[in-house]
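Here the structure comes first, spelled out in structure tokens, and everything after it is commentary.
The values are calculated or read from the model by the stated rules, or taken from the named source; none is laboratory data. Predicted, not measured: the structure shown is a model, and the values here were computed from it. Positions of Cβ are generated from backbone atoms using ideal geometry, with glycine treated the same way; all protein chains shown enter the neighbour counts. These area figures cover heavy atoms from the full protein model, side chains too; ligands, DNA and RNA do not enter into them. Shrake-Rupley method; radii C 1.70, N 1.55, O 1.52, S 1.80 Å.
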Amino acid sequence: VVTVWKTLADLHRSRHPNAMRGTPCLFFFVVGVSSSTPWRCDALKSPLSVLRPVGRPLLSKLDDAVDGAVSMRGGGNPQSSTNTGSLSQGKRRQLVVVLVATALFNDMLQLTMLLPIIHTLITSLGIKNKEVALGLFFASKDICQMGFAPIAGVLTSKTSSNTALIASTAGLGAATFVFAEATTFWQLLLARGAQGAASAAVMCGGLSLIAETHPQEIRGRAMGLAQTGLALGLLCGPLIGGLMFERLGRVKTFRLAAGILLANAIAMMALMGVSPPEKTTDGNEKPTQKESLAISSKRLLTNRDILAVTFSTLAIHAVVGVIKPISQVVLDAEFGISMVKRSFIISIATVSYFVTAPMSGWLSDHMSRSHLVASSLVIMSISSVFFALRNLGIWAFYVCVGLLGVALGVQKSSSQTLLADLVDKHNLGEYSFVYALSDIADSLGLILGPVIGLWLSQVFSYSTGVLSMGMLCLLVAPVVMRIKY
């Protein structure tokens, strides 16, 4: 919030040196929106499409600042370096990272704040078979996210990355509002599925926006910083959800959460209107409209490097998917740990993910990204080995959970950056398509991991189910390591 406010103040002071210090130019944007001046969305299909006034603007100085920030007509180049009224390219990139990290934080916050209260919520609806209801509820998110990811990729390519990010954030707020008014289990299930669909669009639009606005040399650092928002939402969601539900009740909790998301979408629209992001191309030319949906998609699905990286995402999340349910049973049955302590132990993975994501993003700008992805797969396989060694003591399980978070943080930051590099290298067109494919692999791993792993656990043992998924990661690592970009 401080970074965004300072950015707005700096932009306003650059245009009005005699203005009061700290006066935000957001005031002038609001006045422009509330005026009778007609507004429209540019027809250009690029991430630079922002809301701009048409005709004679009420606030000509603000319009000059927006026009000076980026010359969009006639294929002109940005003029930020010569116009004192616009933010520098570096600050606009920082603003993009802040907005994407905030969107990912809100996305994961809404998805995880239900964890401590969903059992109570389902009980209050009088559902008899609670176990089946809980299974359907949590599976609906991943199924809908996987199913909507291709649609999100196509819609993002047809509009723009920032449009997809804003619309998906607003859609997530609308889905969260349904939880406040739901009176039946099917309404809850519908809202959870809508959250999954919106989450797919948030991931696709946000990651595409970073890839489009950051060159290859600094893309990894930006991806790592954006992933910290995801980790922070994962860490804070259950805590905030439990506290708000206890103090405010279900209706007020979800209404407040939905209001925050809608306010966030409006703030994104305002900030991108005042200081639109600049698109950076690394030799990746956008294909024609016919090719973008047919030929380009076929080339994407037949590219071995792309498929190897996305399969590494599937393998990593398959281990995460099987450890999540088994760990609760193991900590209760074998170690006799209470539910509260189990939550703190599982949070070790989130903290290590939060710390590792920006570090691995920085490393991916200074070393081979394919080697980083391969190392994350090896770390995840080692994590599964420590799970099998838990009979040596609870410390082995601590190491397992910590390594799981490290592997996830390294893989997330480096693989998303590597996918963008491969799109540039093979001239595959839109970044949104490859991130939609990655999102499908993410959700598919979280679905197949528990199904296969729990079946092996019932037939053999808990360790067998986890080790089998860890062995899959170890087999994929050499394939990813050989990728050149």
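Quick look at the values:
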item: The range 99-133: number of residues that are in contact (Cβ under 8 Å) with a residue 12 or more places away in the chain and not in a helix (DSSP H, G or I); result: 7
item: Restricting the range 398-420 to residues that are surrounded by fewer than 23 Cβ atoms within 10 Å (Cβ to Cβ) and not aliphatic (A, V, I, L, M), the residue that is farthest from Met367 (Cα to Cα); result: Tyr398
item: Test for Arg221: is it in contact with a Phe, Trp or Tyr (Cβ under 6 Å, 6 or more places away or on another chain), more than 26 Å from Arg342 (Cβ to Cβ) and surrounded by fewer than 24 Cβ atoms within 10 Å (Cβ to Cβ); result: yes
item: Residue ID - farthest from Leu232 (Cα to Cα), chosen from residues in the range 93-111 that are surrounded by fewer than 24 Cβ atoms within 10 Å (Cβ to Cβ) and of a type outside the set (A, V, I, L, M, F, W, C); result: Arg93
item: Checklist (1) farther than 17 Å from Ala477 by Cα; (2) open to solvent by 20 Å² or more (accessible area, probe 1.4 Å) applied to Val434, failing item; result: (2)
item: Search result, residues across the range 169-193 that are closer than 10 Å to Gln110 by Cβ and among the aromatic types (Phe, Trp, Tyr); result: Phe179
item: Condition met for Ile337 (under 23 Å from Ile117 (Cβ atoms) and of a type in the set (A, V, I, L, M)); result: yes
item: Near pairs, Cβ below 8 angstrom, 6+ apart or cross-chain, from the range 315-339 (in a helix (DSSP H, G or I)) to any residue that is of a type in the set (Asp, Glu); result: His317/Asp442
item: Filtered residues of the range 185-218 (kept if under 21 Å from Leu95 (Cα atoms), surrounded by fewer than 23 Cβ atoms within 10 Å (Cβ to Cβ) and among the polar types (S, T, N, Q)); result: Gln216
item: Hey, Ser124 small (Gly, Ala, Ser) and either under 30 Å from Arg247 (Cα atoms) or at pLDDT 85 or above (or both) or not; result: yes
item: Tally, over the range 169-184, of residues that are assigned to a helix (DSSP H, G or I), open to solvent by 10 Å² or more (accessible area, probe 1.4 Å) and either at pLDDT below 85 or not aromatic (Phe, Trp, Tyr) (or both); result: 5
item: Whichever residue in the range 112-137 is touching a Leu at 6+ places or on another chain (Cβ under 9 Å) and within 16 Å of Leu190 (Cα to Cα) and, among such residues, is most open to solvent (accessible area, probe 1.4 Å); result: Leu136
item: Matching residues, the range 322-361, being under 18 Å from the mean Cα position of the chain (by Cα) and either over 20 Å from Tyr435 (Cβ atoms) or of a type in the set (Val, Ile, Thr) (or both); result: Ala349, Thr350, Val351, Ser352, Phe354, Val355, Thr356, Met359
item: Residue check for Ala103: hydrophobic (A, V, I, L, M, F, W, C), modelled with pLDDT of 85 or more and touching a Cys at 6+ places or on another chain (Cβ under 7 Å); result: no
item: Given (1) in contact with a Phe, Trp or Tyr (Cβ under 8 Å, 6 or more places away or on another chain); (2) within 28 Å of Gly405 (Cα to Cα); (3) buried (at least 22 other Cβ atoms within 10 Å of the Cβ), index of the condition Leu232 fails; result: (3)
item: Scan of the range 158-168 for residues that are touching a Leu at 6+ places or on another chain (Cβ under 8 Å) and part of a helix (DSSP H, G or I), ordered by number; result: Ser161, Asn162, Ala164, Leu165
item: Cβ pairs under 7 Å, 6+ apart, first in the range 369-390 and under 17 Å from Thr310 (Cα atoms), second open to solvent by less than 10 Å² (accessible area, probe 1.4 Å) and charged (D, E, K, R); result: Arg369/Asp421
item: Unmet requirement for Ile379, which otherwise passes all of (1) at pLDDT 90 or above; (2) of a type in the set (A, V, I, L, M, F, W, C); (3) open to solvent by less than 20 Å² (accessible area, probe 1.4 Å); result: (3)
